[in-house]
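In what follows, a structure is listed as structure tokens, so that the remarks can point back to it.
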Amino acid sequence: MTDASLTSQGGTAARGRSLSTLALQRLKRNRAAVASLIGLALIAIFCFLGPFLSSHPNDRVYQSYVAVPPSLEPYPAAATLERTMQRALERARVDMGDFSASGTTFRVTLTSPRPIDPRVTRYIDRVDEFDDARVVETLEEGRRLVVEGTVQRQWFLMGTDMSGRDLMTRIMVGGRISLIVGLLATLVSLLIGVAWGAIAGYAGGRIDNVMMRFVDVLYSLPFVFFVILLVVYFGRNFVLIFVAIGAVEWLDMARIVRGQTLALKRREFVEAAQALGVGTGGILRRHIVPNLLGPVVVFMTLMVPKIILLESFLSFLGLGVQAPLTSWGVLISEGANNIQSAPYLIVFPSIFFVSTLFALNFIGDGLRDALDPRDR
Amino acid sequence: MLGYTLRRLASAVPTLFIIVTVAFFLVRFAPGGPFDLEQPLAPQVLDNLRRTYNLDQPLHLQYLDYLAKLVRGDLGPSYTALDFTVGEMLRRGLPYSIALGASALTLALVLGVVAGVFAALRQNSTKDYAVMAVATVGVTVPNFVVGPVLQLVFGLMLGLLPLGGWGGGDLAHRVLPTIALALPQMAVIARLTRSSMIEALRADHIRTLRANGLPGRAIIAHALRGALLPVVSYLGPAAAALVTGSVVIEKIFAIPGVGSYFVEGALNRDYTLVMGTVVMLASFVVLFNLIVDLLYAALDPRVRYD
């Protein structure tokens, strides 16, 4: 795999198949990896485009629909409408006469000993179920009003949470945060780890010794606890937190990259570059780092799920992103608190969370198998 | 061997020193302090408190003071749990955490190795895929999902086991937290064992044994010895992961271990408690890595420390 780019640039015409093509073919034959790639793409589309298509803003609270279970039928159920209207009118201090609802419209008669202010319709609009209430008839000098309006139908395919927010939209928004955070922290660790490992491996000698000794010392730090301290320190600015997490999770990357670099720098094309007078920085950038791509990509795909898990762990301890923002970890821990009364609150976020981690793991394993030069 | 052990122990000192230093200043530079209550204390009270705990001195003097006391094994008084020293708190919580961690590690090791060998012997069969699918689930489902689900099923729905608490440390109280804590590590160990066992079974010396007509069980035993090496070297990270995992598990199952000290200490700016927990954990990880390395040498004749 180390000379994948070399072979693909020149000399491939004769054999027709470069090593990277072979790797791609092997990956395509791995059905679990391909399915995972498709699944992951679908989840990403769901999370990033979903909120624009969803009919519910992620922080909209529906007081009428607190913790309603998931359903394919629209809310409100027809049977509950009369009761809801009665309660709305009680707050407006008027009595309810006839009430009828058909499909998406309703018609209600209001009565009161005194003339009714027509602005009473606001009390009706305020309820999540009703909208567009307007007076269509004024009888008995305003002591009797006939009001018509529409019944607002809402779909909560995955139910609502304990504050009455649509769970599906929150899963989308939470997924964005979890995925972004995973990628961001991985990229930070990638940059530091590749630079550190490549320099240590290429420089060799005493510099290598000192740099890797430093990595060894860092290895025995209790990391998660430092992350918790960082969270406390940064005051829960989640972007900073995950830059910090990336900054402490680069050790494995540095080790892998160093090992590869040690092997690479003895190769002929590096010697050729040296003979041509290319500087150290140039060799690193042009010859070493591009050839490290294989193991680095594999490591990245396995790193993202680790970071997502770490984020959810922090959220579970109450150190994650803050409301009204959310993440899968936050949603799962809210679900865990209400597992008895509303089990769907933990089921749906967990499904997305676990399938994402599953997919990433399968892709990582698949890539590793595909790029493994021993398995040819 | 003895020389190597001593050298490793000596090299742990600078490591611990760096950890203590970084942790000390990180904790101190975090905004807020241990006596920031919702209703601010009177200035005189605050002054007195700060004087009692030596917080009124310059930071570098406090640091040197802390180091001097640490060398003598004194972790200082807790700022939030009045009348308790950090040493007392750790001594009170540690037995629970160690008991839980040890049973989880044992469970993960035994079941993980058995499942890995089982799958490796039936490579690419349906049973192999089934075991590995379960293992992947174990890696991906976080233990704060596993914990409540176990509570719901075995505690509430079936009513078989207690929901939480430690009891007297009897088996019934231990089962659920141990499983929840062990599951992710069990899964990793199973995957590791499977892949290294497959490799070991292909090795030349195993082929020779097979050609010589050794019974299957003996061949497995020989292959396992080589296959266990990566598992042993994973035990260090596994132990560290169990420590972190127990923070969550102890919270879910209401076990009075040391897991909660760190998070609460950090949130309350209980400086000495945070530091005490960090020192304890770091020494634990360093010690465990040493044990793993020595074990490695005992298993692999190619590794020699002298």
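The values are calculated or read from the model by the stated rules, or taken from the named source; none is laboratory data. Note that this is a predicted model, so its numbers are computed, not measured. Cβ: placed from backbone, ideal geometry, glycine included. Neighbour counts: every protein chain shown.
Among the residues of the stretch A:328-344 satisfying the criterion of being surrounded by fewer than 20 Cβ atoms within 10 Å (Cβ to Cβ) and in a helix (DSSP H, G or I), which is nearest to the chain's Cα centre (by Cα)?
A:Y344
Taking the stretch B:234-270 on its own, how many of its residues are of a type in the set (V, I, T) and touching a residue at least 40 places away in the same chain (Cβ under 8 Å)? Break it down stepwise before answering.
Step one: list which residues in the stretch B:234-270 are of a type in the set (V, I, T), which gives B:243-244, B:247-249, B:252, B:255, B:258, B:263.
Of the ones still in play, those that are also touching a residue at least 40 places away in the same chain (Cβ under 8 Å) are B:243, B:248-249, B:252, B:255, B:258.
The number of residues fulfilling the criteria is 6.
I'd like to check something: does the stretch A:284-295 contain any residue that is modelled with pLDDT of 80 or more, crowded, with 19+ Cβ neighbours inside 10 Å and away from chain B (no Cβ under 11 Å)?
No, there is no match, as no residue in the stretch A:284-295 is modelled with pLDDT of 80 or more, crowded, with 19+ Cβ neighbours inside 10 Å and away from chain B (no Cβ under 11 Å).
Regarding the stretch A:214-230, can at least one residue be identified that is over 30 Å from B:N268 (Cβ atoms), in contact with a Lys or Arg (Cβ under 8 Å, 6 or more places away or on another chain), within 14 Å of another protein chain (Cβ to nearest Cβ) and modelled with pLDDT of 80 or more?
Yes, the stretch A:214-230 has at least one match.
From the list A:V278, A:V347, A:V354, exactly one residue is surrounded by fewer than 21 Cβ atoms within 10 Å (Cβ to Cβ), without any contact (Cβ under 8 Å) to a residue 12 or more places away in the chain and under 26 Å from B:F144 (Cβ atoms). Which is it?
Testing whether each residue is surrounded by fewer than 21 Cβ atoms within 10 Å (Cβ to Cβ), without any contact (Cβ under 8 Å) to a residue 12 or more places away in the chain and under 26 Å from B:F144 (Cβ atoms) leaves just A:V354.
Can you report the number of residues in the stretch B:159-186 which are part of a loop (DSSP other than H, G, I, E, B), within 14 Å of another protein chain (Cβ to nearest Cβ) and either on the phi < 0 side of the Ramachandran plot or buried (at least 17 other Cβ atoms within 10 Å of the Cβ) (or both)?
2
Test B:L67 against the criterion of being more than 22 Å from the chain's Cα centre (by Cα), part of a helix (DSSP H, G or I) and closer than 19 Å to B:L281 by Cα, and give yes or no.
Working: more than 22 Å from the chain's Cα centre (by Cα): yes; part of a helix (DSSP H, G or I): yes; closer than 19 Å to B:L281 by Cα: yes.
Against the criterion (more than 22 Å from the chain's Cα centre (by Cα), part of a helix (DSSP H, G or I) and closer than 19 Å to B:L281 by Cα), B:L67 qualifies.
Identify all residues within the stretch B:261-283 that are surrounded by 18 or more Cβ atoms within 10 Å (Cβ to Cβ) and under 15 Å from the mean Cα position of the chain (by Cα); write none if there are none.
B:Y261, B:F262, B:T277, B:V278, B:V279, B:M280, B:L281, B:A282
Every residue in the stretch A:240-281 that is within 32 Å of the chain's Cα centre (by Cα) and not in a helix (DSSP H, G or I), please.
Passing the criteria: A:E249, A:W250.
Restricting to the stretch A:307-327, name every residue that is facing chain B (nearest Cβ under 10 Å) and either outside any helix (DSSP H, G or I) or not aliphatic (A, V, I, L, M) (or both).
Scanning the stretch A:307-327 gives A:S312, A:F313, A:S315, A:F316, A:L317, A:G318, A:L319.
Criterion first (within 12 Å of chain A (Cβ to nearest Cβ) and either outside any helix (DSSP H, G or I) or farther than 30 Å from A:R213 by Cβ (or both)) does B:P14 satisfy it?
Numbers: within 12 Å of chain A (Cβ to nearest Cβ): yes; either outside any helix (DSSP H, G or I) or farther than 30 Å from A:R213 by Cβ (or both): no.
The answer is no for B:P14.
Note down all Cβ pairs under 7 Å where the first residue falls in the stretch B:130-144 and is within 10 Å of chain A (Cβ to nearest Cβ), the second is assigned to a helix (DSSP H, G or I) and polar (S, T, N, Q), and they're at least six residues apart or on different chains.
Sorted first by the residue in the stretch B:130-144, then by its partner, the pairs are B:T136/A:N361; B:V139/A:N361; B:T140/A:N361; B:P142/A:S312; B:F144/A:S333.
Only one residue in B:V247, B:V231 is more than 11 Å from every other protein chain (Cβ to nearest Cβ) and surrounded by 17 or more Cβ atoms within 10 Å (Cβ to Cβ), so which one is that?
B:V231
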